[in-house]
Amino acid sequence: MTTGSAKPLSFVEGWPILQEEAIDKLIHLVEGNSSNQFNSEEYMRIYTTIYNMCDKNNRAGPEALKLYSQYKKTIEDYVSSKVLPSIQGKEDAILLQELLKRWNNHKTMTWWLLRFFYYLERCLIPKTRLPTIQETSYLVFYELVYGEMNDRVRDAVISLVEECLKNEEARSQSYLRYGTKHKLLGGLLATLLYFLNSDAYCRISRCCLLYEGVLVIDHDQILYILLITCVLTLNAGCRI
């Protein structure tokens, strides 16, 4: 990708440009406060700014590390200021629906940031073995959101499964005797197994489970997002 002959930028010079033209606009976009997508000119300006912030004599040097550190802090600030407040205080289906919405928003945000910071990743990650841009974003979400909400999400999932089973029992006692509960839980398991064998799950597993050979996130932290999706789908069917 051509970057032209723009002059090098220090972190102090370059980050305000990224904050205003990339980060702030992206947050407005994923939060639904704006429908303006990034055009090719804006994308190239952001990419070139990051390119020029990486010291040409040492692409994995101190300036690049500052940029990487600030990138991670930006994700942490976003999750703490936008994601957590939006799900705190919610319960049951409303909690799970909001969590799914926030996870989807987070994936969108990560998709754009990965493209903006691709040059940083290409130069820095192979030499430092730090988590990639995508891994860093996903790890922050899991560490902050899962760590904060795990117990409440588990309770919400159990509550919705129980509600669905009660609805089925009220509608058809005889059907329940012949295995509604097992069919419901079997359907849930089948859906989870489908996700487990999907490329999406494999990609999440690779980026979240192992970092330098150390288990950093267990399967439950990945599966609970998938489980929420299944339970919401099943619960909606029970209400029909």
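Per-structure values
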item	result
Pick from the range 61-92, criterion among the hydrophobic types (A, V, I, L, M, F, W, C) and under 30 Å from ALA156 (Cβ atoms), ranking: modelled with the lowest pLDDT	ILE87
Search result, residues across the range 66-120 that are exposed (fewer than 15 other Cβ atoms within 10 Å of the Cβ) and not in a helix (DSSP H, G or I)	GLN88, GLY89, GLU91
Close pairs from the range 112-127: first in contact (Cβ under 8 Å) with a residue 24 or more places away in the chain, partner open to solvent by 40 Å² or more (accessible area, probe 1.4 Å), Cβ under 6 Å, at least 6 apart	TYR119/TYR51; CYS123/ARG59
Filter result for PRO16 (exposed (fewer than 12 other Cβ atoms within 10 Å of the Cβ) and closer than 19 Å to VAL140 by Cα)	no
Failed criterion for GLU63 (all others in (1) open to solvent by less than 60 Å² (accessible area, probe 1.4 Å); (2) not in a helix (DSSP H, G or I) hold)	(2)
ILE133 vs. criteria buried (at least 17 other Cβ atoms within 10 Å of the Cβ) and either without any contact (Cβ under 8 Å) to a residue 12 or more places away in the chain or in contact with a Gly (Cβ under 6 Å, 6 or more places away or on another chain) (or both)	no
Selection count, the range 29-60, where residues are free of Cβ contacts under 8 Å to residues at least 24 places away in the same chain and either buried (at least 20 other Cβ atoms within 10 Å of the Cβ) or in contact with a helix residue (DSSP H, G or I) (Cβ under 6 Å, 6 or more places away or on another chain) (or both)	1
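The values are calculated or read from the model by the stated rules, or taken from the named source; none is laboratory data. All figures in this text were calculated on a predicted structure; none of them were measured in a lab. All Cβ positions, glycine included, derive from the backbone under ideal geometry; neighbour counts span all protein chains shown. Ligands, DNA and RNA are excluded from the accessible area calculation, which covers all protein heavy atoms including side chains. Shrake-Rupley method; radii C 1.70, N 1.55, O 1.52, S 1.80 Å.
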